[in-house]
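For reference, the structure is listed below as structure tokens.
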Amino acid sequence: MVLDAQSDMAVVGEAGDGREALDLLATTPADVVLMDVRMPRMDGVAASEAIGRMAEGPRVIVLTTFDLDEYAHAALRAGASGFLLKDAGPDELLAAIRAVHRGDSVIAPRTTRRLIERFSPHLHPTDAPTPDPTGDPRLAELTPREVEVLTAVARGLTNAEISASLHLAEGTVKTHIGRILAKAQLRDRVHMVLLAHETGLVDVRPRS
């Protein structure tokens, strides 16, 4: 009801599980999919992976709770554009759908940082050595300034905060982010954060 009441949105289909969603998408074009994680037959992670393999497939927003952090991380790695908590209000849901449709992430920078901290053990087990970003092929094409911007994004800074901390115009920050996305072949800001943590640019593991 909330979505259909919007002049720029229409619900084109509903599915009871991941398998049904994929079958529906085979015949029904869609721009954005709201994906649950725990479902019978095929869960949201597997379905997100399958959608990610589609040529020009829809973008995915995973609906989750803090209790399902490992599923959220897996879904993001599978290609989802972000995730939203199930208790999100109508305004937040609508804003997220519009943002993803524009090609943006649905997770605000500080929220990204908080959620990354929640599932950081899944990125780097506590008994594993901290990754060394030096020479990592995924960062090889980035300039030193782009690495600085990527690190700032992963630390939860907004574009305005990055602008102030690195003494750059905000438009220049946006340009750097666009270049990082293109060079590292990333979909959005969420995946920039994941890359920074996986390569060891930022380590959020608890200190002993």
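For the range 191-198, 3J(HN,Hα) computed residue by residue from phi via the Karplus equation (6.51, -1.76, 1.60; θ = phi - 60°) reads 6, 5, 4, 4, 4, 4, 6, 5 Hz, glycine and proline entered as x. Phi angles of the range 134-139 translate, via the Karplus equation with coefficients 6.51, -1.76, 1.60 and θ = phi - 60°, into HN-Hα couplings of 4, x, 5, x, 6, 10 Hz per residue; Gly and Pro are given as x. You can think of it this way: the chain between ARG98 and VAL12 has 29.4 nm of extra reach, that is 0.36 nm per residue less the Cα-Cα gap. Given R0 = 25 Å, the distance between the Cβ atoms of LEU24 and ASP87 translates into a calculated FRET efficiency of 0.45.
Rule-based calculations on the coordinates, nothing more; no lab input. Keep in mind that this is a model prediction, so the values were computed, not measured. Neighbour counts run over all protein chains shown; Cβ positions are idealised from the backbone, glycine included.
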